[in-house]
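The values are calculated or read from the model by the stated rules, or taken from the named source; none is laboratory data. Being a predicted model, the structure only gives us computed values, none of them experimental. As a convention, Cβ positions derive from the backbone with ideal geometry for all residues, glycine included, and neighbour counts pool all protein chains shown. Note: accessible area is taken over every heavy atom of the protein model, side chains too, but ligands, DNA and RNA are not part of it. Shrake-Rupley method; radii C 1.70, N 1.55, O 1.52, S 1.80 Å.
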Amino acid sequence: VTKALTRQTFRNNDLTANYAGVFRETTSGCGNPANNGTVESVVGVSITNSATALTMTTNENGFICNWSGNYRQAGRMGSSTGTYTCGALVGTYDMAEIEANPSGITGRYVGQDNSCSQVSGRFALVTR
């Protein structure tokens, strides 16, 4: 017997808040090979979301990135697909396993931009 499981959402997570946290990101296929590798960055983050949209601004010591996309929730986890800009970097992302709790949020993402053909990472953020 095979049964399909579908996550049930009782209420959407409200991620709208200011956070502090860490992004751990791995890049490959970069035009400049020195940019290939893994880095951990301490960032300030501001998120606004609704049941269908997500915007996020990250600030790593003045290096600002703006993320904008849709938002979907299935069960307790959310996901988002959209675009980001970080100065001259422009790319697309798929975020998944966005999980909120009273202390903050965690998630993971993959993407690509005009500098690197593959970007993947995880983040953990605490509410300010």
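Here the spin labels are modelled as points 7 Å beyond Cα on the Cα-Cβ line, and at Cys86 and Ile64 they lie 1.6 nm apart.
Can you order the peptides 81-89, 33-41 by their average number of other Cβ atoms within 10 Å per residue, highest first?
On the way: 81-89: 14.3, 33-41: 11.1.
Highest mean packing first, the order is 81-89, 33-41.
Here the contact order of the chain, divided by its residue count and restricted to Cα pairs under 8 Å and six or more residues apart, works out to 25 percent. From the alpha carbon centroid of segment 63-115 to that of segment 39-54 is 7 Å.
As an exercise, identify the chymotrypsin sites (Phe, Trp or Tyr not before Pro) in segment 1-77 lying in DSSP coil whose Cβ has no more than 15 other Cβ atoms within 10 Å. Please list the in-between numbers first.
Details: sites: Phe10, Tyr19, Phe23, Phe63, Trp67, Tyr71; in loops: Phe10, Tyr71.
Filter output for segment 1-77: Phe10.
Quick check: at a probe of 1.4 Å, how many percent of the accessible area of the chain sits on carbon and sulfur atoms? Provide the component values of the computation, followed by the final result.
Details: 3910 of 7570 Å².
Here it works out to 52 percent.
Shown in residue order for segment 105-121 are the 3J(HN,Hα) couplings computed by the Karplus curve 6.51 cos²θ - 1.76 cosθ + 1.60 at θ = phi - 60°: 9, 9, x, 9, 8, 9, x, 7, 9, 6, 10, 10, 6, 9, 10, 9, x Hz (x for Gly and Pro). Probing with 1.4 Å while keeping every protein chain in the model, the per residue accessible area of the chain equals 59 Å².
To the nearest 10, the accessible area of Glu60 is 70 Å² with a 1.4 Å probe.
Quick one: length gained pulling Ser41 to Lys3 fully straight, 0.36 nm per residue minus the C-alpha distance? Could you put the intermediate results ahead of the total?
Details: separation 38, 0.36 × 38 = 13.68 nm, distance 4.16 nm.
Stretched out fully, the Ser41 to Lys3 stretch lengthens by 9.5 nm.
Report the convex hull volume per residue for the chain, counting only C-alpha atoms, in Å³.
Working: hull volume 15.3 nm³, N = 128.
Hull volume over Cα atoms, normalised by residue count, gives 120 Å³.
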